[in-house]
Amino acid sequence: MKFAVVVFPGSNCDHDAYHAARHVLGQDAVFVWHKETSLQGADAVILPGGFSHGDYLRTGAIARFSPVMNTVTAFARGGGPVLGICNGFQILLEAGLLPGAMLRNKDLKFHCEHVHLRVEQTDTPFTLRAPVGQTLRIPIAHGEGNYFAEPDVLRDLEASRRVVFRYCDTSGIATPGSNPNGAVNNIAGICNEGRNVVGLMPHPERACEPALGSADGLVLFESVVSALAAQASLP
């Protein structure tokens, strides 16, 4: 399969995502510049982390208008798997592909550390190989990861099982102390109604090899490979 890693001015995790896809998973991967309008036949799209356009206006607000985002939106609405990581998650929110918004971290500090996530749902293409309740150790690196949604949106997210990842402690319990940024309901990642678009603040691409301190993030990439392989085998 082929991954398209979208590159915006200011992206700094694009090579990490490319490395995870091509060199760890052994899959094809291409970089797609934000001004392009073709995904080069990709089967899955990754919007990587970084500081697109310097985050000068608001995280993801300018990148949302890049020409490639029209193509990504069409791809997503056609059922294609899209993963937004950190700044990529912020771009998905700004583009309206996921609901809610990002606020500054509650303590107003930039957090760069390992956190624990609990896998809440496994019926997305990026979590199907993880058991429900699995705890993942994955790093974060953000200053605006405080997920917020209006009460009615939040109720809908919870009722429709669209909270995919939640910050938790080492025992898998979502506690206030395990929440690094103040995100409502300890939300670390969500999906769209079609369940093919997933956004999360932690960086699974930086946790795909033991030498990096954790290989727990690999399950997201292995999952989408399995999901697409299963889809291709259908008559």
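The values are calculated or read from the model by the stated rules, or taken from the named source; none is laboratory data. This one's a predicted model, so the numbers in the text were calculated from it and none came from an experiment. Cβ atoms come from the backbone with ideal geometry, glycine included; neighbour counts cover every protein chain shown.
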Just to be sure, is ALA4 surrounded by 21 or more Cβ atoms within 10 Å (Cβ to Cβ), out of contact with any helix residue (DSSP H, G or I) (no Cβ under 7 Å at 6 or more places or on another chain) and in a strand (DSSP E or B)?
-> yes
Name the residue, out of GLY80, GLY88, GLY41, that is of a type outside the set (Phe, Trp, Tyr) and either out of contact with any strand residue (DSSP E or B) (no Cβ under 8 Å at 6 or more places or on another chain) or not in a loop (DSSP other than H, G, I, E, B) (or both).
-> GLY88
Take the range 205-235 and flag every residue that is touching a Phe, Trp or Tyr at 6+ places or on another chain (Cβ under 9 Å) and within 11 Å of PHE126 (Cα to Cα).
-> VAL219, LEU220, PHE221, SER223, VAL224, ALA227
So which of GLU113, GLU94 ends up being of a type in the set (Asp, Glu) and touching a Gly at 6+ places or on another chain (Cβ under 7 Å)?
-> GLU94
Scan the range 159-181 for residues that are out of contact with any strand residue (DSSP E or B) (no Cβ under 9 Å at 6 or more places or on another chain) and outside any loop (DSSP other than H, G, I, E, B) and jot them down.
-> ALA159, PRO176, GLY177
Quick one: count up the residues across the range 182-235 that are among the hydrophobic types (A, V, I, L, M, F, W, C), within 18 Å of the chain's Cα centre (by Cα) and either in a helix (DSSP H, G or I) or at pLDDT below 95 (or both).
-> 9
Exactly one of (1) under 26 Å from ASP28 (Cα atoms); (2) in contact with a Lys or Arg (Cβ under 9 Å, 6 or more places away or on another chain); (3) of a type in the set (Asp, Glu) is unmet by GLU209. Its number?
-> (2)
Matching residues in the range 70-105 (buried (at least 24 other Cβ atoms within 10 Å of the Cβ), in contact with a helix residue (DSSP H, G or I) (Cβ under 7 Å, 6 or more places away or on another chain) and either without any contact (Cβ under 8 Å) to a residue 40 or more places away in the chain or polar (S, T, N, Q) (or both)) number 1
Count, please, the residues in the range 201-218 that happen to be surrounded by 24 or more Cβ atoms within 10 Å (Cβ to Cβ) and either of a type in the set (Asp, Glu) or closer than 16 Å to LEU128 by Cβ (or both).
-> 3
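Within the range 120-130, work out how many residues are touching a Ser or Thr at 6+ places or on another chain (Cβ under 7 Å) and either surrounded by fewer than 16 Cβ atoms within 10 Å (Cβ to Cβ) or farther than 15 Å from GLU222 by Cα (or both).
The number of residues fulfilling the criteria is 1.
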